[in-house]
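Student: Questions regarding the structure given below will be posed in turn.
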Amino acid sequence: MQERRRCDWARTAEAIHYHDEEWGRPEHDEARLFELITLEGAQAGLSWDTILRKRGGYRRAFADFDAETVAGYGAAEIERLLADPGIVRHRGKIESTIRNARALLELHASGGSLDGLLWSFVEGRPLVNHWRTLAEIPPRSELSDRMAKELKRRGFRFLGSTTCYALMQAAGLVDDHLPHCFRRTAP
């Protein structure tokens, strides 16, 4: 049986599973989108493999990304999280997750959704890119620039253009699977 070919970045067991089962598939669930925002922000300066290994710790530490619960975290929870080896113990990243939960609740209170906001940048349909190699995939785009600016305007933190582009890839807003990848959806 021939081994499946996949995008070149998926090399470890965690990355292969993530690539094959999640990365690039259109995501619309609010809690999962909040999780992706958190994980992409946590990844800044670290390897994605590190974040994937800590994903269970993040789910536990942040109440499976229940925004109402996380929005209620205060100083005691921040100190507890700073001592939690199951997550990246970076005060700014932890505080931004709590702030992002509050921004998400504010978005909901205004009648909006994270799903609607994020997918509005691609008019509700994934953009299919045609990169031939991993080196061609850009770290950001004009759309991720706009997304980062809008999310910041709405109170979200630790989300620059590069993080937003990674979020767009993860949540399936853009399809950056390479031509040789079995998950590629377009010719």
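Read-outs throughout are calculated quantities, based only on the coordinates presented, and are distinct from any laboratory measurement. As the structure is a prediction and not an experimental result, all values here were calculated from the model. Virtual Cβ from ideal backbone geometry, glycine too; neighbours counted across all protein chains shown.
Student: Normalized C-alpha radius of gyration of the chain, against 2.2 N^0.38 Å?
Tutor: Values: Rg = 16.5 Å, N = 187, 2.2 N^0.38 = 16.1 Å.
Taking N as the residue count of the chain, the ratio is 1.03.
Student: Counting only helical runs of four or more DSSP H residues, what would the 222 nm mean residue ellipticity of the chain come to if each run contributes -39,500 (n - 2.57) and the total is spread over all its residues? Provide the component values of the computation, followed by the final result.
Tutor: Values: 10 runs with 97 residues, N = 187.
Taken over the chain, the calculation gives -15000 deg cm²/dmol.
Student: Listed highest first by mean packing, meaning other Cβ atoms within 10 Å per residue, what order do 142-149, 105-112, 8-15 come in? Let's see the in-between values first.
Tutor: Working: 142-149: 17.4, 105-112: 12.8, 8-15: 14.6.
So the order, starting with the most tightly packed, is 142-149, 8-15, 105-112.
Student: Note down, for the range 63-167, the three equivalent ellipsoid semi-axes (square root of 5 times each alpha carbon gyration tensor eigenvalue), biggest first, whole angstrom.
Tutor: Details: eigenvalues 156, 70, 24 Å².
After scaling each eigenvalue by five and taking roots: 28, 19, 11 Å.
Student: Mind computing the radius of gyration and Dmax over the alpha-carbon atoms of the range 94-144? Å is fine for both.
Tutor: 15.1, 42
Student: What is the magnitude of the charge dipole of the chain about its Cα centre, with +1 placed on the Cβ of each Lys and Arg, -1 on the Cβ of each Asp and Glu, and no other charges, expressed in debye to the nearest 20?
Tutor: Computed about the Cα centre, the dipole is about 420 debye.
Student: Further question on the same structure: Relative to the longest principal Cα axis of the chain, at what angle does helix 142-153 sit, 0 to 90 degrees, rounded to 10?
Tutor: The angle comes out near 10 degrees.
Student: Using modelled amide H (1.01 Å from N, peptide plane; none on Pro or chain starts), what sits under 5 Å from the amide H of D175, excluding residues fewer than 5 places away?
Tutor: Those qualifying (amide H under 5 Å, at least 5 residues apart or on another chain) are L127, V128, N129.
Student: If one takes the longest principal axis of the Cα atoms in the chain, at what angle in degrees, from 0 to 90 and to the nearest 10, does the Cα axis of helix 161-170 lie?
Tutor: 70
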